[in-house]
1. Can you put 5, 88 in order, fewest other beta carbons within 10 Å first?
2. Where does each of 41, 36, 7 land when they are ranked from fewest to most other beta-carbon atoms within 10 angstrom?
3. Between residue 38 and residue 13, take the C-beta separation as r, use R0 = 35 Å, and let me know the FRET efficiency to the nearest 0.05.
4. Taking 0.36 nm per residue of separation and subtracting the Cα-Cα distance, what length does fully extending residue 27 through residue 105 add?
5. Counting other C-beta atoms within 10 Å, which of 54, 31 has the fewest, and how do the rest follow?
6. Label points 7 Å out from Cα along the Cβ direction at residue 97 and residue 63: separation in nm?
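Throughout, read-outs are computed from the coordinates displayed, never taken from laboratory work. Being a predicted model, the structure only gives us computed values, none of them experimental. Cβ placement follows ideal geometry from the backbone for every residue including glycine, while neighbour counts extend to all protein chains displayed.
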C-alpha cells in the first residue's frame with residue numbers, strides 16, 4: 001500500500017484483528033486511484049446504552065490531491081452498527097462509492113473537455 005492509514009480509537013480498546021481488517025479495506029481503495037495521499041479512520045463507541053447495546057461510529061477521511069472525502073456511518077441511522085465490523089465495512093463501502101464517483105467524473109472531463 002502506498003498511503004498511510006491512521007487509526008484512532010475512542011472509548012474502545014484497539015483490536016489487532018480489526019486493525020488488520022482496516023488495512024485490508026484501505027488497500028482495496030487503491031483500485032480506484034494510486035493518488036490517495038493518506039487516510040484516517042476513527043472508531044468510536046459514543047454511547048453505552050444498557051438497553052440498546054453498544055453501538056459503533058466509524059468515520060473515514062481520505063485525501064487525494066486537492067480534495068478530501070469523508071464517509072461517516074452514524075449508528076443512529078443503521079441498526080447493524082452494534083457490530084464494529086459492520087460499521088467499518090459500511091464506512092469503507094461508502095468511501096469506495098465516493099472515490100468511484102469522483103474518479104469517474106475526472107475521467108469523463110478528460111475524455112470530453114469543455115462539455
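1. 5, 88
2. 7, 36, 41
3. The computed FRET efficiency comes out at 0.90.
4. Taking 0.36 nm per residue and subtracting the Cα distance, the gain is 25.9 nm.
5. Ranking 54, 31 by Cβ neighbours within 10 Å, fewest first, gives 31, 54.
6. Result for the modelled spin labels: 2.6 nm.
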